[in-house]
Structures are given as structure tokens and as C-alpha cells.
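Report on the structure given below.
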Amino acid sequence: MSSRIHSRYTRSVTDLPWHGVTVKLELRTRRFRCENSLCTKRIFCERLPRAVANYAGKTVQLNIALD
């Protein structure tokens, strides 16, 4: 794992509704630069596995509620 931050970006995900109102979360996440010369992926994004699955637009809780 790298600690060298390349940049930051905002990730939008939908969460469970609150009192009938749609909830959109704006998560500020980091992109890291890999310092290993053998690594094929030079830049990778921060993962948030407890909150959002990889490449998902919905929170884990919302996905569970929809299943």
C-alpha cells in the first residue's frame, strides 16, 4: 500500500432514504500513486469496503435493503 497521495476526487453514492427523502452522499476520496516499479497500475483509488462496494453507486446498506 502506498501513502503517496496523487489527488483527491468526489464520489457520489446513494444511501437509504431518510423520512422519504433520497440521500446522496458526496465522499471525498483519495487517489494514490504506486511507488513500486513492478506495479502495473500506477494510480489507484482509496477503497471504502464497509460503506461502498467497488465501482458501486449505492451504499452497502442500500444494496442489502434492495435484495
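If the elastic network links every pair of Cα atoms under 10 Å, which of Val13, Val23, Val52 fluctuates the most in the Gaussian network model of the chain?
Comparing Val13, Val23, Val52 in a Gaussian network model of the chain, the most mobile one is Val23.
Starting from the amide H of Val52, placed 1.01 Å from N in the peptide plane, find each other amide H under 5 Å away whose residue is 5 or more places distant or on another chain.
The answer is Val60.
For segment 23-34, just list the computed ³J(HN,Hα) in residue order, Karplus coefficients 6.51, -1.76 and 1.60, θ = phi - 60°, integers in Hz, with x standing in for Gly and Pro.
With coefficients 6.51, -1.76 and 1.60, one gets 10, 10, 9, 10, 9, 8, 10, 10, 10, 10, 9, 6 Hz.
Would you list Thr10, Thr59 from fewest to most Cβ contacts within 10 Å?
Starting with the residue having the fewest Cβ neighbours, the order is Thr10, Thr59.
Run the helix sum for the chain: -39,500 (n - 2.57) per DSSP H stretch of 4+ residues, divided by residue count, reported at 222 nm to the nearest 500 deg cm²/dmol.
The per-residue figure over the chain is -2500 deg cm²/dmol.
Explain nothing, just compute: Karplus ³J(HN,Hα) = 6.51 cos²θ - 1.76 cosθ + 1.60, θ = phi - 60°, for every residue of segment 45-58 in order, whole Hz, x for Gly and Pro.
3J(HN,Hα) across segment 45-58, in whole Hz: 9, 5, 9, 10, x, 6, 9, 9, 6, 4, 6, 9, x, 10.
Ranked by Cβ crowding within 10 angstrom, fewest neighbours first, how are Leu27, Leu38, Leu66 ordered?
With the sparsest Cβ surroundings first, the list reads Leu38, Leu66, Leu27.
Return the percentage of antiparallel bridges among DSSP beta bridges fully within segment 5-66, rounded to the nearest 5 %.
95 percent
Considering the options Thr10, Ile43, Ala65, tell which one lies farthest towards the positive end of the dipole of segment 5-66, charges being +1 on Lys and Arg and -1 on Asp and Glu at the Cβ, about the Cα centre.
It is Ile43.
Determine, at each q value in 0.13, 0.24, 0.26 (inverse angstroms), the log₁₀ of I(q)/I(0) that the Debye formula gives when each Cα of the chain is one equal point scatterer.
Ignoring solvent entirely, the Cα scatterers give -0.46, -1.01, -1.10.
Please tell me the relative contact order of segment 15-67 in percent, rounded to the nearest whole number, where contacts are Cα pairs under 8 Å and at least six residues apart.
Reported relative contact order: 29 percent.
No value in this document is a laboratory result; all are computed from the given coordinates. This one's a predicted model, so the numbers in the text were calculated from it and none came from an experiment. Counting neighbours? That spans all protein chains shown, and the Cβs are built from the backbone with ideal geometry, glycine included.
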